[in-house]
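Below you'll find the structure, written out as structure tokens, and then a few comments.
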Amino acid sequence: MANLFARERFNPQAQKTSFEQIEDIARKTRVPVNVLIALGEKAKVEKPEDLVEFSRRAAGELGPVIQSGGDIEQIIRQSAGDQAESFLARAREIGHELYPERMNPGQAQRNAEAAAQGRRSVGENIRLGVPQVPEGIVGGVGRTAKFLGFDAAGDAIIDFAENTFGMSEEDQARSAAIAEDSTIGQEVVDGFFQAGPGILVDIAMSWAGAKTGAKIGAIAGPKGAVVGGIAGAVAGAAASIFPQMVSSAWQTAEANGFDTEDQGVQFDIMKTALATSAAQTVFPAAVGRMLQKPINVAAEGVARSVIQRAAAGAALGSGTEGMAEVTALVLEQIMFDKDVQASLDAEGWKAVGPMLIEKFGREAVVTFGIGALMGGAIGGPAAAVTQRGANAQIDADSAQAQDGAFGAIFERAQDIEPGSIQGVSAADHSAFMRGVLNEINGVEAGLTDADGNYDAQGRTARQQRAYDKGVAWANEQAGDIADG
């Protein structure tokens, strides 16, 4: 019933909201608002208008006693017996929710001082973002435990995550104050620095998974190492992202008034988390895999432009991560926003788009902006660094080929126009040149390490055909040279 305690307009057409009517009843009868709402909760009153009528009746009974000098806590202890203390604790909790400034004036003062501090610096935004990562992961583990039926353990884990890593009331008050005056651009920049620690953890997990997966897959050879590296990158990213998506979907459901203790709601949360995790995993997994084995040098024999590679990586990263963030937002709201659900039931999918734009348009723009900025900031440099590493290896192999006995063959190969060799497309010309290089140098570079173990290199079937053509071409040229 948490939504009933919020100071919102239960009936926009009425002159006064339901909550305001309850406040009026409390003022006239001297029965505290939090006590009236706690009584309504205990009586399982759900509708706001029913709560008003219930409060009127309850105040009619309690009011005269209080007005004649009775103490409300003593009255409750006498009437509620063994349940009195738990009821009073809940009433105080409601009081804190409704009137924090009255229940804890010291905290209210600290919140006001924090709100007056204004916008955060880059360092402060990063500091705010760091604990959000363990809170999301640990909290997600706890919520998953509840879904699996381990309620007590799950609640304990969630409480630990929130108490240890959760945002303080002062930070919440400051964030609320900042949000009131922020432009879209300012929200994007703040969100970028706050989300930075989280995506770096996702990428690190993906990198570790890719490294482990490639090592395991290498037992089956180069192709196994490639498959293992990709699978490990996805699994590593998902291990970090999935519990965070569980926490996000769970909190969205709670914020929209769903009973997260209900098994059906929990099942919907898990379905949503799986879908949002799938969207959110793509970019970190790609970067993690890229860092684990940047460029498949076993299929590359032509150095490429670092700048072009960086631009392409930034563009791809921006689009991928921006869309992933918006997709996660939309999926959660479609599943748990009650207005969207009602519209979907009444008018079908055609009405969902306009409603999402109306209710969450600004949030979607900000979310996309944060993801796009993050994707570009990481994707561009990562692509540039990996291309530089590949170019260095290609340049070293090319220098070796040029200085060797068959340097003339390499010089001829450099004059070949991409796409001019029958059976080799322009896209696979680099694999063709790798075949030439390796045949001239007498090595199969990049497939084994110093100990003879397979690494994560390998070629696709199409690249292998181009590579074999390069090997055959180099042998033909060597034969021509030998024939004089």
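Apply the Karplus parameterisation 6.51 cos²θ - 1.76 cosθ + 1.60, with θ equal to phi minus 60°, to every residue of the range 126-136 and state each ³J(HN,Hα) to the nearest whole Hz, in sequence, with x for glycine and proline.
Coupling constants for the range 126-136: 5, 4, 5, x, 4, x, 5, 5, x, 4, x Hz.
Give me Rg/Rg_expected for the chain, where Rg uses Cα atoms only and Rg_expected = 2.2 N^0.38 Å with N residues.
So the Cα radius of gyration is 1.37 times the expected 2.2 N^0.38 Å.
With θ set to phi - 60°, apply the Karplus curve 6.51 cos²θ - 1.76 cosθ + 1.60 along the range 368-378 and write out the HN-Hα couplings as whole Hz, x wherever there is a Gly or Pro.
Using θ = phi - 60°, the values come out as 4, x, 4, x, 5, 5, 5, x, x, 5, 9 Hz.
Using the 2.2 N^0.38 Å rule of thumb for compact globular proteins, work out how the range 369-435 stacks up: its C-alpha Rg over that value, please.
Dividing the Cα Rg of the range 369-435 by 2.2 N^0.38 Å gives 1.55.
Using Cα pairs under 8 angstrom and six or more residues apart, how large is the relative contact order of the chain, in percent?
13 percent
Long-range amide H contacts for R459: which residues qualify at under 5 Å (H placed 1.01 Å from N, peptide plane, sequence gap of 5 or more or a different chain)?
The answer is none.
What's the angle, to the nearest 10 degrees (0 to 90), between helix 184-217's Cα axis and the longest principal axis of the chain?
Here the helix axis deviates by roughly 50 degrees.
How big is the dipole moment of the chain about its Cα centre under a simple scheme where the beta carbon of each Lys and Arg is +1, that of each Asp and Glu is -1, and everything else is neutral? Debye, nearest 20, please.
For this selection, approximately 180 debye.
In deg cm²/dmol and to the nearest 500, what is the mean residue ellipticity at 222 nm of the chain if only DSSP H runs of at least 4 residues count, each as -39500 (n - 2.57), divided by the residue total?
Computed ellipticity for the chain at 222 nm equals -26000 deg cm²/dmol.
In Å, what is the Rg of the alpha-carbon atoms in the range 122-172, and how long is Dmax?
Spelled out, the Cα radius of gyration and Dmax of the range 122-172 are 12.4, 41 Å.
Restricting the calculation to Cα positions, tell me the Rg (one decimal) and the Dmax (whole number) of the range 290-353 in Å.
So, for the range 290-353, Rg and Dmax equal 20.4, 59 Å respectively.
Every number here is computed from the coordinates shown, using simple stated rules; none is lab data. Keep in mind that this is a model prediction, so the values were computed, not measured. Cβ coordinates were reconstructed from backbone atoms using ideal geometry, including for glycine residues, and neighbour counts include every protein chain displayed.
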